[in-house]
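Report on one structure; see the data block that follows.
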Amino acid sequence: MTENSVELCEVTKRHGSTIAVDRLSLLVRRGEFFSLLGPSGSGKTTTLRLLAGFEQPDTGKILIEGLSMERIPPNRRPVNLVFQNYALFPHLTVERNVAFGLEMKNVAPAEIAVRVAKTLDLVRLSGKVERFPSQLSGGEQQRVALARALVNHPAVLLLDEPLGALDKQLRQEMEVELKALQERIGITFICVTHDQEEALTMSDRLAVLNHGRLLQVGTPEEVYSAPATAFVADFIGVSNGLSGRVQDVDGDHVRIAVDGIGVLCSPSLPGLSAGRSVRITIRPELLRLSGEYEPADGYQNQLNVRIAKAIYSGSEMQYLLTLPNNLTWKARVPNAGGRAKRFHAGESAYVKWQAGEAVPLLE
Amino acid sequence: MKTSGSGRFPWLILPPAASLFLFFVLPLILVFAVSFASRGTYGGIQWTPTLANYVSIFDSLYLQIFWRSLWMAALTTVVCFVFGFPLAYLIARAPRTWQAVLLLLIIIPFWTNFLVRTYAWMFILRTEGLLNTVLMSAGIIDQPFNLLFTDTAVIIGLVYGYLPFMVLPLFAALERLDPSVIEAAWDLYAGPVKVFTRVILPLAKPGVIAGSLLVFIPSVGAYVTPDLLGGAKSMMIGNLIQQQYLVVRDWPFGSALSFVLMVAVLLAVRYYLKSGGSKSFG
């Protein structure tokens, strides 16, 4: 047995003239919570449907638990899908919905009863076995859909925007619950979402897709703190960016000349040399603000900005900053119980960050 | 105490109630009354109450015709379902713009008189008709076979006539079916047969019931189709009743036959709703 639950090798899928999935290669390890993150049209749902077997790749190979899935229909694959709209059987009770897969596999009735009861207990729906889907709330329907898939003990559970239809508070509860459930039962979860917060909270690892291409794979921390492309940096939370040209490389650091701003210091990248176009990105929560210029070493960046807007949002202040070149950046400063210095719209300030906090990207 | 609802007479109910009474209840009462009268010497109605009409229905000849009618109607319903279901499914799954066109094609035959269309079938089914000519010139058969004036011809005619009444309610039911529910069943290890019997059919049940009733009920009483396409031995109950009224001029016996037919259909429908309608796809 391999340690990989799912392998995609150079998978391509076209829908008419558009490429839905473009030479996608991925390894998903056994027992991990893996997310496919991307905007709509990024190919994440098509990837999930290829894994479920509703669509066949034009080229490339898909292995699940080491077995080739070529020409294997959905009903003979060791995976189950939790549909975005849940797709519960409206004519069957909760209990019969959950029992459906086991009945189709001709499992003995006594065993079906035990497993259905156990799974409904797991998703805390034991009291609603006789209800019909139309008599349940959205959150309950979601848990029935989950139970209906999990009761079959699939090798891989596929989830299509599992929390998309729930309201915000319920969604945040379910994020934690879903992750805890996955850890308890140890099944590989592959979850499609367009919500970066959801992906970061739940995943062990995640893949960012755009236009059918894989942009980056890694742990949430890796993807968040070291985005591989400007798109990833933007998509995983708002990022501030500046484009410039490399002036000189100094060991681990480079100095970058930015029009209308000056020279900024950033970590180096392999293959960087003087003259290359480069973009640096930095997260809003890493920026610090102060009222006056502070002399510092060459590894600190400091820009004179104007506060365009100051927004109070409880635990933190959100500032919109106008840079000397008229670009707008965002900064998030914790309020620290009112001890942090407060800036107001129209004021002048200095925004600072350590060279190492910025992420350089080749352009 | 006077409430706004009970105090006033619901005048608006009068027109529909009056027309229902005039055109439905009253004729029914008349037919029911006539069924207890007896035939006059020259075909009139003699108002001497008698049960003789009902008694003579239990002649094996008439019972056989009743039985044949129910059986032919049931067969028509089944054949309509077998042809109608794939058709309705196809239309329900077609792109929106095509749906309108396909539904129109289903309805277009209604624009022509039913009698004319049945005559057209006579030309197709005749020994030297279209069907035999085509089959023979294609070399599939070398002797023309006799189709017109057989039970098969009657079934063909009935299926042709009532197929839209099966397709339209089935379409309405299938169109509401969420395709992801079918995918869910597929994902949960159901093969094509199980997907059909366990998910599609139960969810289309209201359409199946409506379609079956809409085909079965008029088929039992059909008389144009068996009259034109059926042979001397293919008489159905509709023909018998028509004969009593127009040929034999025994109105009392025709009325009694009509009433027994009505009761038979009601019982058959009740039986269908109680057993076939629910049990076969529970």
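Residue count for segment A:211-222 under the criterion of being more than 20 Å from A:C9 (Cβ to Cβ) and in contact with a helix residue (DSSP H, G or I) (Cβ under 6 Å, 6 or more places away or on another chain): the result is 1. The combined condition, being of a type outside the set (A, V, I, L, M, F, W, C) and facing chain A (nearest Cβ under 9 Å), is not fulfilled by B:P218.
Say we look at segment A:184-199 and pick out the residues that are under 9 Å from the mean Cα position of the chain (by Cα) and surrounded by fewer than 20 Cβ atoms within 10 Å (Cβ to Cβ); which of these is farthest from A:L37 (Cα to Cα)? Only one residue tops the list, namely A:E197.
Selection of segment A:132-150 for residues being of a type in the set (A, V, I, L, M, F, W, C) and touching a strand residue (DSSP E or B) at 6+ places or on another chain (Cβ under 9 Å) yields A:A145, A:L146, A:A149, A:L150. Every condition in (1) over 23 Å from B:I237 (Cβ atoms); (2) in contact (Cβ under 8 Å) with a residue 12 or more places away in the chain is met by B:P86 except one, and the failing one is (2). Residues of segment A:202-243 that are polar (S, T, N, Q), more than 14 Å from the chain's Cα centre (by Cα) and surrounded by fewer than 17 Cβ atoms within 10 Å (Cβ to Cβ): A:S243 alone. Within segment B:31-51, is there a residue that is part of a helix (DSSP H, G or I), among the aromatic types (F, W, Y) and without any contact (Cβ under 8 Å) to a residue 60 or more places away in the chain? No: zero hits.
Take A:E161 and decide whether it is within 14 Å of another protein chain (Cβ to nearest Cβ), closer than 24 Å to A:G41 by Cα, of a type in the set (D, E) and under 22 Å from the mean Cα position of the chain (by Cα). It is true that A:E161 is within 14 Å of another protein chain (Cβ to nearest Cβ), closer than 24 Å to A:G41 by Cα, of a type in the set (D, E) and under 22 Å from the mean Cα position of the chain (by Cα).
When segment A:118-166 is filtered for residues that are within 20 Å of A:L51 (Cβ to Cβ) and of a type in the set (S, T, N, Q), only A:N152 remains. Considering only residues that are within 29 Å of A:S268 (Cβ to Cβ) and either touching a Gly at 6+ places or on another chain (Cβ under 9 Å) or surrounded by 18 or more Cβ atoms within 10 Å (Cβ to Cβ) (or both), which ones fall in segment A:309-329? Matches in segment A:309-329: A:L321, A:L323, A:P324, A:N325, A:N326, A:L327, A:W329.
When A:A355, A:A274 are checked against the criterion of being under 28 Å from A:G251 (Cβ atoms), surrounded by fewer than 17 Cβ atoms within 10 Å (Cβ to Cβ), in contact with a strand residue (DSSP E or B) (Cβ under 9 Å, 6 or more places away or on another chain) and among the aliphatic types (A, V, I, L, M), a single residue qualifies: A:A274.
For segment A:126-144, filtered to residues that are of a type in the set (D, E, K, R) and not in a helix (DSSP H, G or I), the residue that is surrounded by the most Cβ atoms within 10 Å (Cβ to Cβ) is A:R131.
Each row is one residue, and each column tells you yes or no for (1) crowded, with 21+ Cβ neighbours inside 10 Å; (2) under 27 Å from B:I182 (Cβ atoms); (3) of a type outside the set (A, V, I, L, M).
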site	(1), (2), (3)
A:E3	no, no, yes
A:E7	no, no, yes
A:K13	yes, yes, yes
A:R30	no, no, yes
A:G41	no, yes, yes
A:F54	no, yes, yes
A:D58	no, yes, yes
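If I go through segment A:78-103 residue by residue, how many of them are in contact with an Asp or Glu (Cβ under 8 Å, 6 or more places away or on another chain), at the interface with chain B (Cβ under 9 Å from one of its Cβ atoms) and free of Cβ contacts under 8 Å to residues at least 60 places away in the same chain? Adding up the residues that qualify gives 2.
Would you check if there is a residue in segment A:244-254 being in a loop (DSSP other than H, G, I, E, B), in contact (Cβ under 8 Å) with a residue 12 or more places away in the chain and under 23 Å from the mean Cα position of the chain (by Cα)? So far as segment A:244-254 goes, no, none of its residues is in a loop (DSSP other than H, G, I, E, B), in contact (Cβ under 8 Å) with a residue 12 or more places away in the chain and under 23 Å from the mean Cα position of the chain (by Cα). A residue that is of a type in the set (V, I, T), in contact (Cβ under 8 Å) with a residue 60 or more places away in the chain and part of a strand (DSSP E or B) cannot be found anywhere in segment B:61-81. Within segment A:32-48, not a single residue is assigned to a helix (DSSP H, G or I), over 20 Å from A:E198 (Cα atoms) and either within 14 Å of chain B (Cβ to nearest Cβ) or aromatic (F, W, Y) (or both). Of the residues making up segment A:104-125, one or more are away from chain B (no Cβ under 14 Å), buried (at least 17 other Cβ atoms within 10 Å of the Cβ) and part of a loop (DSSP other than H, G, I, E, B). Number of residues in segment B:197-212 that are buried (at least 23 other Cβ atoms within 10 Å of the Cβ), within 11 Å of chain A (Cβ to nearest Cβ) and either assigned to a helix (DSSP H, G or I) or not hydrophobic (A, V, I, L, M, F, W, C) (or both) equals 1. Return yes or no: is A:I311 touching a Cys at 6+ places or on another chain (Cβ under 9 Å), closer than 21 Å to A:K330 by Cβ and aliphatic (A, V, I, L, M)? So A:I311 does not fit the description; no. For segment B:154-192, filtering for residues that are within 11 Å of chain A (Cβ to nearest Cβ) and not in a loop (DSSP other than H, G, I, E, B) leaves 10. Of B:G207, B:G230, all but one fail to be closer than 21 Å to B:S60 by Cβ and among the small types (G, A, S); the exception is B:G230. Of the residues A:G260, A:G271, the single one that is within 29 Å of the chain's Cα centre (by Cα) and not polar (S, T, N, Q) is A:G271. If the condition is being over 30 Å from the mean Cα position of the chain (by Cα) and over 15 Å from A:S290 (Cα atoms), then segment A:324-358 contributes A:P324, A:N325, A:N326, A:G337, A:G338. The residues of segment A:304-334 that are over 19 Å from A:E357 (Cβ atoms), touching a Ser or Thr at 6+ places or on another chain (Cβ under 9 Å) and hydrophobic (A, V, I, L, M, F, W, C), listed by number, are A:I307, A:A308, A:L320.
In segment A:66-77, the qualifying residues are those that are within 10 Å of another protein chain (Cβ to nearest Cβ) and free of Cβ contacts under 8 Å to residues at least 24 places away in the same chain, and the one that is farthest from A:R30 (Cα to Cα) is A:P73. Using the structure shown, decide if A:L63 is under 29 Å from the mean Cα position of the chain (by Cα), within 8 Å of another protein chain (Cβ to nearest Cβ), under 19 Å from A:R30 (Cα atoms) and not β-branched (V, I, T). Criteria not met by A:L63.
The condition of being of a type outside the set (A, V, I, L, M, F, W, C) and within 30 Å of B:T197 (Cβ to Cβ) holds for only one of A:R23, A:R96, A:R29, A:R14, that being A:R96.
Pairs linking a residue in segment A:168-180 that is crowded, with 16+ Cβ neighbours inside 10 Å to a residue that is not in a helix (DSSP H, G or I), with Cβ atoms under 7 Å and 6 or more positions apart or on different chains, are A:R171/A:L163; A:M174/A:L163; A:M174/A:L166; A:E175/A:L163; A:L178/A:P162; A:K179/A:F33.
A short reminder: the numbers here are calculations on the coordinates, not readings from a lab. Here the structure is a predicted model, which is why all the values come from computation and not from measurement. Note that each Cβ is placed from the backbone with ideal geometry, even for glycine, and that neighbours are counted across all protein chains shown.
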